[in-house]
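The values are calculated or read from the model by the stated rules, or taken from the named source; none is laboratory data. These figures come from a predicted structure and were not determined experimentally. Glycine also receives a Cβ, built like all others from the backbone with ideal geometry; neighbour counts cover every protein chain displayed. Protein only, heavy atoms only, side chains kept; ligands, DNA and RNA dropped before computing areas. Shrake-Rupley method; radii C 1.70, N 1.55, O 1.52, S 1.80 Å.
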Amino acid sequence: MTEHGRLVLAGAPIGQAGDASPRLREVLAGADVVAAEDTRRLRRLAADLEVEISGRVVSYYDQNEAARAVELLDALKNGRTVVIITDAGMPGVSDPGYRLTSLAVEAGIPVTALPGPSAVTTALAISGLPSDRFCFEGFPPRKSGERARRLAELATEQRTMVFFEAPHRLADALEAMAEAFGPDRRAAVCRELTKTYEEVRRGGLAELAAWAAEGVKGEITVVVAGHVKVQGSIEEAVAEVDRRVAAGEQSKHAVAEVAKEAGLPKRELYDAVHRRLRAT
């Protein structure tokens, strides 16, 4: 009986070939099959790393992933070492890889990962937003209605959120986020991470949407602060309204949002804010 092979999910550099680990060189050189999201990019990376790939190289991308996964599973069952590598980052994270991993696990074939740079954690770390708890939401839906519904579901998510987005859809996505989360919700747009023209823009969602409307290029990762639930007395809620108004938010909108977050009747908070204003 032929001993099963091994599936290796290889993390690729997200911008700089110099970020590749020595293990990536070893794995690419020794694999029986290398399944690449883009075979031309793989060849360029191998040249940069001065690695000669002796195994068979096949394409493995969104459109052929389902059919190719069956073929690669056969190779694994016949004792081959199969490496999956995408254009950047970790296979299976908003990139091809999940289907074959799932099939290999079901078949009892060993699956391992070769860690590498990640746009998700890199953007999170440099965003300046809380990083102790976060969630990755991938690409928002392309259609405006579906996107609005998805973001509405996330409006009260308290963890920092990380999204990917295409540059030509960035402005629309940020506008939708401003509508769903509030115009002043803090966020960071990270562009071309680790590359020559790396840029990080930080600010409120409405401000960032206006900036993006002028046109943005490159690979984009968006980090958005989580929902902060206001808890405590009516006095604390009034203080939160004052803080938001001082930051430029309209009083009516601030009252509505804080009342919702604090679980207070909007009219009660509105009256308390105006009582304080009359008293000053």
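What's the number of the only condition in (1) open to solvent by 40 Å² or more (accessible area, probe 1.4 Å); (2) without any contact (Cβ under 8 Å) to a residue 40 or more places away in the chain; (3) closer than 25 Å to Glu198 by Cβ that Glu52 fails to meet?
Failed condition: (3).
When the stretch 190-225 is examined, which residues are found to be β-branched (Val, Ile, Thr) and closer than 27 Å to Ala155 by Cβ?
The initial filter retains those residues of the stretch 190-225 that are β-branched (Val, Ile, Thr), namely 194, 196, 200, 216, 220-224.
Those that are β-branched (Val, Ile, Thr) and closer than 27 Å to Ala155 by Cβ: Val200, Val216, Ile220, Thr221, Val222, Val223, Val224.
Answer with yes or no whether Thr221 is on the phi > 0 side of the Ramachandran plot and in contact (Cβ under 8 Å) with a residue 12 or more places away in the chain. Steps first, answer last, please.
On the way: on the phi > 0 side of the Ramachandran plot: no; in contact (Cβ under 8 Å) with a residue 12 or more places away in the chain: yes.
For Thr221, the condition - on the phi > 0 side of the Ramachandran plot and in contact (Cβ under 8 Å) with a residue 12 or more places away in the chain - is not met.
Filter the stretch 43-70 down to the residues that are in a loop (DSSP other than H, G, I, E, B) and among the hydroxyl-bearing types (Ser, Thr, Tyr), then identify the one that is nearest to Leu24 (Cα to Cα).
Filtering the stretch 43-70 for residues in a loop (DSSP other than H, G, I, E, B) gives 50-55, 60-61.
Then drop every residue that is not among the hydroxyl-bearing types (Ser, Thr, Tyr), which leaves 54, 60-61.
Numbers: Ser54: 14, Tyr60: 18, Tyr61: 20 Å.
Looking at residues that are in a loop (DSSP other than H, G, I, E, B) and among the hydroxyl-bearing types (Ser, Thr, Tyr), I get Ser54.
Are any residues in the stretch 27-49 closer than 22 Å to Leu73 by Cα, surrounded by fewer than 18 Cβ atoms within 10 Å (Cβ to Cβ) and not small (Gly, Ala, Ser), and if so, which ones?
From the stretch 27-49, those closer than 22 Å to Leu73 by Cα are 27-39, 42; that's our starting set.
Still in the list and also surrounded by fewer than 18 Cβ atoms within 10 Å (Cβ to Cβ): 29-30, 32, 38-39.
Selection gives Asp32, Asp38, Thr39.
Just to be sure before I move on: is Val82 free of Cβ contacts under 8 Å to residues at least 12 places away in the same chain and either open to solvent by 60 Å² or more (accessible area, probe 1.4 Å) or outside any helix (DSSP H, G or I) (or both) in the structure I sent?
Working: free of Cβ contacts under 8 Å to residues at least 12 places away in the same chain: no; either open to solvent by 60 Å² or more (accessible area, probe 1.4 Å) or outside any helix (DSSP H, G or I) (or both): yes.
No; evaluated as a whole, the condition is false for this residue.
Inside the stretch 99-115, can you point out the residues that are assigned to a strand (DSSP E or B) and among the β-branched types (Val, Ile, Thr)?
Of the stretch 99-115, the ones assigned to a strand (DSSP E or B) are 111-114.
Listed by number, the residues that qualify are Val111, Thr112.
Just to be sure I understand the filter: pairs with C-beta atoms under 7 Å, separated by 6 or more residues or on different chains, first member in the stretch 33-47 and over 10 Å from Ile85 (Cα atoms), second member loosely packed, with under 15 Cβ neighbours inside 10 Å and charged (D, E, K, R). Which pairs pass?
Val33/Arg56
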